[in-house]
1. When you check R109 against the structure, is it in contact with a Lys or Arg (Cβ under 9 Å, 6 or more places away or on another chain) and surrounded by 14 or more Cβ atoms within 10 Å (Cβ to Cβ), yes or no?
2. Scan I155, I122 and give me the residue that is touching a strand residue (DSSP E or B) at 6+ places or on another chain (Cβ under 9 Å), open to solvent by less than 60 Å² (accessible area, probe 1.4 Å), β-branched (V, I, T) and at pLDDT 80 or above.
3. Just need a number here: residues in segment 145-181 that are touching a residue at least 60 places away in the same chain (Cβ under 8 Å), among the small types (G, A, S) and in a loop (DSSP other than H, G, I, E, B).
4. Out of segment 162-193, which residues are open to solvent by less than 70 Å² (accessible area, probe 1.4 Å), modelled with pLDDT under 90 and either among the hydrophobic types (A, V, I, L, M, F, W, C) or within 13 Å of the chain's Cα centre (by Cα) (or both)?
5. May I ask you to verify whether Y133 is of a type in the set (S, T, Y) and open to solvent by less than 30 Å² (accessible area, probe 1.4 Å)?
6. Restricting the search to segment 58-70, which residues are of a type outside the set (A, V, I, L, M) and surrounded by 13 or more Cβ atoms within 10 Å (Cβ to Cβ)?
7. Do we have any residue at all in segment 74-92 that's modelled with pLDDT of 85 or more, open to solvent by 20 Å² or more (accessible area, probe 1.4 Å) and out of contact with any Lys or Arg (no Cβ under 9 Å at 6 or more places or on another chain)?
Amino acid sequence: MDTITLANSFATIVGLLVTFQSSKGGSDIVDFMEWLRENDNSNTAAIIENNTQLQNKLSTFMSQNHNEIMSQLSKLNDLMVSVASRMYGISGIASNFDDNYGLSDQALRILREFENSDGEYIWRLKSLSGAEYSIDASQNLEISEPRFIEDDLKIMTELNLLTREITNQGYHRYRITRYAIEYLRATDKLITA
């Protein structure tokens, strides 16, 4: 399959999975396949049937708790909208689906600065002026919107772009995830395309 067909198949399957999960309240791969056929999506059912690995991955995904499935699908939607909102030509469409879950410019800048630093942690350190943020306590982060930094860090953590830990001393530290690096690369490719 070519890249466009693969991307279309993925988007179709995920979209149908969201609709199925929302309407059925959770079920298994057999019910999903039956639902696809009942709702005139035989081609999608055939794609899944002809790919054992895809069937197994979908089955594993669908065996989770319904709320966890919906949470993951919601995060995927948020990330797709965030990426699309930065693409010329499609940003206007994406803005109609943005429920304020897109990443702010400050959050994107922090992620890029973190990635480019090769640092291990972003630290939240207490200071006389409130809090300071630095990468490995050696490189201060420029925070252009201090009143929204906690919100940005919370959203990036919820989207699995960062993980948060609290040390025994009570310091907050954030680690970048592999998912964040992939997200930044995808964003860069889409913006330059």
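The values are calculated or read from the model by the stated rules, or taken from the named source; none is laboratory data. The structure presented is a predicted model; accordingly, all values stated were derived computationally and were not measured. Counting neighbours? That spans all protein chains shown, and the Cβs are built from the backbone with ideal geometry, glycine included. With ligands, DNA and RNA removed, areas are computed over all heavy atoms of the protein, side chains included. Shrake-Rupley method; radii C 1.70, N 1.55, O 1.52, S 1.80 Å.
1. No; evaluated as a whole, the condition is false for this residue.
2. Working: I155 fails: touching a strand residue (DSSP E or B) at 6+ places or on another chain (Cβ under 9 Å).
Testing whether each residue is touching a strand residue (DSSP E or B) at 6+ places or on another chain (Cβ under 9 Å), open to solvent by less than 60 Å² (accessible area, probe 1.4 Å), β-branched (V, I, T) and at pLDDT 80 or above leaves just I122.
3. Result for segment 145-181: 0.
4. Narrowing segment 162-193 to residues open to solvent by less than 70 Å² (accessible area, probe 1.4 Å): 162-163, 165, 167, 170, 172-174, 176-177, 180-181, 183-184, 186-188, 190.
Add one more test, that the residue is modelled with pLDDT under 90, and what stays is 170, 180-181, 183-184, 186-188, 190.
Across segment 162-193, the qualifying residues are A180, I181, Y183, L184, A186, T187, L190.
5. yes
6. Answer for segment 58-70, where residues must be of a type outside the set (A, V, I, L, M) and surrounded by 13 or more Cβ atoms within 10 Å (Cβ to Cβ): S59, F61, Q64, H66.
7. Checked segment 74-92: no residue is modelled with pLDDT of 85 or more, open to solvent by 20 Å² or more (accessible area, probe 1.4 Å) and out of contact with any Lys or Arg (no Cβ under 9 Å at 6 or more places or on another chain).
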